[in-house]
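The values are calculated or read from the model by the stated rules, or taken from the named source; none is laboratory data. Just so you know, these numbers come straight off a predicted model, no measurement behind them. All Cβ positions, glycine included, derive from the backbone under ideal geometry; neighbour counts span all protein chains shown.
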Amino acid sequence: MSETRLGIDTWPDREDSSDYREWPIRQHLNRITMKRGMKVVVEAFPPETKERYLGLISPDGTIYINEDVPNWFKPFVLAHELGHLQLHANLDMTLYYSDKQMQRRVEAEADAFSKRLYKWVRWRMYGLD
Ligand SMILES: [Zn+2]
């Protein structure tokens, strides 16, 4: 669903490992999506959406991640989209597209969800905040 708008202030810190596939957040996200049988696809977005969307949720629940998103940032986009699924399942999309203020609020909520998930995984792994 929806546009993933991210200001630079919402970006997570880069994690240390050089191989992003081993990051705890990514492994945690893999567990969540596999357990729920969710499909996550990284692919090239069509030219008209390429610039505007980092991630999308299709009506069948498949999460698409724009392949142009840097690898280190893809987990954040995935967690953001999971936030939409968790928080905005009953969102009126007509209203969403017509109300800029609502869009900003909804996107900020998904960003906050993603950040909380990062924080929680970090805390669980390292006992750090
Ligand atoms: Zn979004």
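Which ones in the range 92-127 are aliphatic (A, V, I, L, M), modelled with pLDDT of 90 or more and surrounded by 13 or more Cβ atoms within 10 Å (Cβ to Cβ)? Walk me through it before giving the result.
Taking the range 92-127 as the starting set, the residues that turn out to be aliphatic (A, V, I, L, M) are 93, 95, 102, 106, 108, 110, 112, 117, 121, 125.
Filter once more, so that each one left must be modelled with pLDDT of 90 or more: 95, 102, 106, 108, 110, 112, 117.
Met102, Val106, Ala108, Ala110, Ala112, Leu117, listed by residue number.
Of all residues in the range 88-129, which are assigned to a helix (DSSP H, G or I), touching an Asp or Glu at 6+ places or on another chain (Cβ under 8 Å) and within 15 Å of the ligand (Cβ to nearest atom)?
Taking the range 88-129 and keeping what is assigned to a helix (DSSP H, G or I), we get 93-98, 100-126.
From what's left, touching an Asp or Glu at 6+ places or on another chain (Cβ under 8 Å): 103, 107, 110, 119, 122-123.
Those that are assigned to a helix (DSSP H, G or I), touching an Asp or Glu at 6+ places or on another chain (Cβ under 8 Å) and within 15 Å of the ligand (Cβ to nearest atom): Gln103, Glu107, Ala110.
Which of the residues belonging to the range 53-75 are touching a helix residue (DSSP H, G or I) at 6+ places or on another chain (Cβ under 7 Å) and either closer than 17 Å to Leu91 by Cβ or within 11 Å of the ligand (Cβ to nearest atom) (or both)?
Leu54, Gly55, Ile57, Ile63
Out of Leu29, Leu6, report the one residue that is at pLDDT below 90 and either surrounded by 15 or more Cβ atoms within 10 Å (Cβ to Cβ) or touching a strand residue (DSSP E or B) at 6+ places or on another chain (Cβ under 9 Å) (or both). Break it down stepwise before answering.
On the way: Leu29 fails: at pLDDT below 90.
Testing whether each residue is at pLDDT below 90 and either surrounded by 15 or more Cβ atoms within 10 Å (Cβ to Cβ) or touching a strand residue (DSSP E or B) at 6+ places or on another chain (Cβ under 9 Å) (or both) leaves just Leu6.
For the structure I just gave you, tell me whether Glu67 is surrounded by fewer than 16 Cβ atoms within 10 Å (Cβ to Cβ) and under 27 Å from Arg122 (Cβ atoms). Walk me through it before giving the result.
Values: surrounded by fewer than 16 Cβ atoms within 10 Å (Cβ to Cβ): yes; under 27 Å from Arg122 (Cβ atoms): yes.
For Glu67, the condition - surrounded by fewer than 16 Cβ atoms within 10 Å (Cβ to Cβ) and under 27 Å from Arg122 (Cβ atoms) - is met.
Just to be sure I understand the filter: pairs with C-beta atoms under 7 Å, separated by 6 or more residues or on different chains, first member in the range 66-95 and more than 18 Å from Arg26 (Cα to Cα), second member among the aromatic types (Phe, Trp, Tyr) and away from the ligand (no atom under 11 Å from the Cβ). Which pairs pass?
That search, which allows pairs on different chains as well, returns nothing.
In the list Leu91, Leu85, which residue meets the criterion of being under 24 Å from Lys35 (Cα atoms) and among the hydrophobic types (A, V, I, L, M, F, W, C)?
Numbers: Leu91 fails: under 24 Å from Lys35 (Cα atoms).
Of Leu91, Leu85, the one residue that is under 24 Å from Lys35 (Cα atoms) and among the hydrophobic types (A, V, I, L, M, F, W, C) is Leu85.
Do you know which of the residues in the range 35-87 that are among the polar types (S, T, N, Q) and assigned to a helix (DSSP H, G or I) is farthest from Asp111 (Cα to Cα)? Before you say what the answer is, go through the steps one by one.
Residues of the range 35-87 among the polar types (S, T, N, Q): 49, 58, 62, 66, 71, 86.
Those left that are additionally assigned to a helix (DSSP H, G or I): 49, 71, 86.
On the way: Thr49: 20, Asn71: 18, Gln86: 12 Å.
The qualifying residue farthest from Asp111 (Cα to Cα) is Thr49.
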